[in-house]
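The values are calculated or read from the model by the stated rules, or taken from the named source; none is laboratory data. Predicted model only: the values in this text are computed from it and were never measured. Note that we place each Cβ from the backbone using ideal geometry, even for glycine, and neighbour counts take in every protein chain shown. When the accessible area is computed, the model is the full protein with side chains, heavy atoms only, and any ligands, DNA or RNA have been set aside. Shrake-Rupley method; radii C 1.70, N 1.55, O 1.52, S 1.80 Å.
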Amino acid sequence: TNFYKIAGGFVPNALQNEVWKAWQIKSGLIVKAPTGVGKTEACVYPPLANEQRVVLVLPAKALVDDHKKRFQGVLSNLTKTDKQKRRLLIDTGDSTELYTYTEDNLDAEPNRSNRHLYRADVIITTLDKFLYRF
C-alpha cells in the first residue's frame, strides 16, 4: 500500500501485503516468520494507518534503541505528509522519553518531565517495565 511508501520509504513485501489484507478483515493476528523478513512493519503499519495505538514490548533495551530510531523516522514521515500530531513514547528502566511530532517539529526532542505515560501513538518498552506499568 501507499502507507508503506509514505511511512517507511519502501514497497511492502509479500508478507507485509498479506498481513495488511488480513488486518482489514480482523484486527487480532499472530504473525510467525523468520528474522529479517519485515514482521515489525507488517504488524505495526496497519494499526498506525487506522489511527490505533501500538505497543511494542521488547526483551532488551538494545532492541528498544533500534526500534526508537526506526519509529522516529516513521512518525516524522507520517506527520510531514498528513500534518497530524504523532507521539512516540520510549519507556525503559533507565528513562522515559516522549517525542511529539508536529508539522513545525519533525525532529522532536525528548520530553522527560511531562510524559503522559502510555498515551502515545507508538509505545516502545521492555517487558519488565511494561509489567511494572500494567
inquiry  = Over the chain, with the other protein chains present, what is the accessible area per residue in square angstrom, probe 1.4 angstrom?
reply    = 59
note = GNM on the chain, Cα springs under 10 Å; top mean-square fluctuation among Lys68, Lys85, Lys26 goes to Lys26
task = Taking the Cβ of Pro12 as the centre, find all other residues whose Cβ is under 11 Å away and add up their charges (Lys, Arg: +1; Asp, Glu: -1).
result = 0
note = Answer check: region 41-134, Cα atoms, Kirkwood Rh, Rg/Rh ratio of 0.94
task = Could you rank Phe10, Phe134, Phe71 by how accessible they are, 1.4 Å probe, largest area first?
result = Phe134, Phe10, Phe71
query = In what sequence, largest accessible area first, do Arg86, Arg112, Arg133 appear using a 1.4 Å probe?
reply = Arg112, Arg133, Arg86
ask   = What are the aspartates and glutamates whose alpha-carbon lies under 15 Å from the alpha-carbon of Lys80, with same-chain residues fewer than 8 places away excluded?
value = Glu103, Asp104, Asp107
message = For a 25 Å ceiling on Cα separation, which of these pairs sit above it: Lys26/Lys83; Lys5/Lys26; Lys5/Lys69; Lys26/Lys68; Lys5/Lys129; Lys5/Lys32?
response = Lys26/Lys83; Lys26/Lys68; Lys5/Lys129
inquiry  = Between Lys5 and Thr40, what is the label-point separation in nm under the 7 Å Cα-to-beta-carbon projection?
reply    = 2.4
query = So, with a 1.4 angstrom probe, what is the percent of accessible area on the chain that is carbon and sulfur?
reply = 50
key: Rounded FRET efficiency, nearest 0.05, which uses the C-beta distance separating Lys83 from Leu127 and R0 of 35 Å   = 0.50
